[in-house]
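Chemist: Have a look at the structure that comes next, please.
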Amino acid sequence: MKFLDYEIDTSKLSTQAEVLRLLEERGENFTALEPVRNRYHEEFGNELVWTFPISDGANSGSLFVLVQEGILGLPYNAVDIEVYEVFDLRDATLLDAEAMQYCIDLWKPFSDDLLAAMETMKHFHTSQN
């Protein structure tokens, strides 16, 4: 399967059950995913996880993890200085196309607004000198 610029043999990805079991054993947080992230990076050249730092109304954000079954969404409501995102595994779920579209719809205005604000900040800073 082609994913971004990477050729992914999906049979070499972790399963949803493996990822959830790892998190239950090592702690329900971002650093507990290190074995998966490291293996993915070695195997595919990318950790194949992405932070989505926007609230969906129920959670503060989510981490997207590529697994054999698709995209696993790991929602979080807290970020710790040592372990980073602390997941709520009760709400962990595979994300379908509709869920991804919902995330895209949340991301686009956030991204556009942030980019516009940074451009304005840049001009504000240069006009002050």
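Chemist: Put a dot 7 Å past each Cα toward the Cβ at residue 55 and residue 108; how far apart are the dots in nm?
Modeler: 2.3
Chemist: Report, in degrees rounded to the nearest 10, the 0 to 90 angle that the Cα long axis of helix 34-44 makes with the longest principal axis of the chain.
Modeler: 90
Chemist: Can you give the FRET efficiency for residue 97 and residue 38, using 1/(1 + (r/R0)^6), R0 = 30 Å, r = Cβ-Cβ distance, to the nearest 0.05? Show your work: numbers first, answer last.
Modeler: Numbers: r = 29 Å, r/R0 = 0.98.
Result of the calculation: an efficiency of 0.55.
Chemist: Where does each of 66-77, 35-46, 97-108 land if you order them by average Cβ count within 10 Å, highest first?
Modeler: Working: 66-77: 19.7, 35-46: 14.9, 97-108: 11.9.
My ranking of the peptides, most packed first, is 66-77, 35-46, 97-108.
Chemist: So between residue 84 and residue 17, what do we pick up on full extension, going 0.36 nm a residue minus the alpha carbon distance?
Modeler: This chain segment gains 21.9 nm when fully extended.
Chemist: Moving on. Order of 6-12, 22-28 by packing, highest average Cβ count within 10 Å first?
Modeler: Values: 6-12: 11.1, 22-28: 14.7.
Highest to lowest by the protection proxy: 22-28, 6-12.
Here, each number is a calculation from the coordinates, and none is a lab measurement. Note that the coordinates shown come from a computational prediction; the quantities given were computed from them, not determined experimentally. Virtual Cβ from ideal backbone geometry, glycine too; neighbours counted across all protein chains shown.
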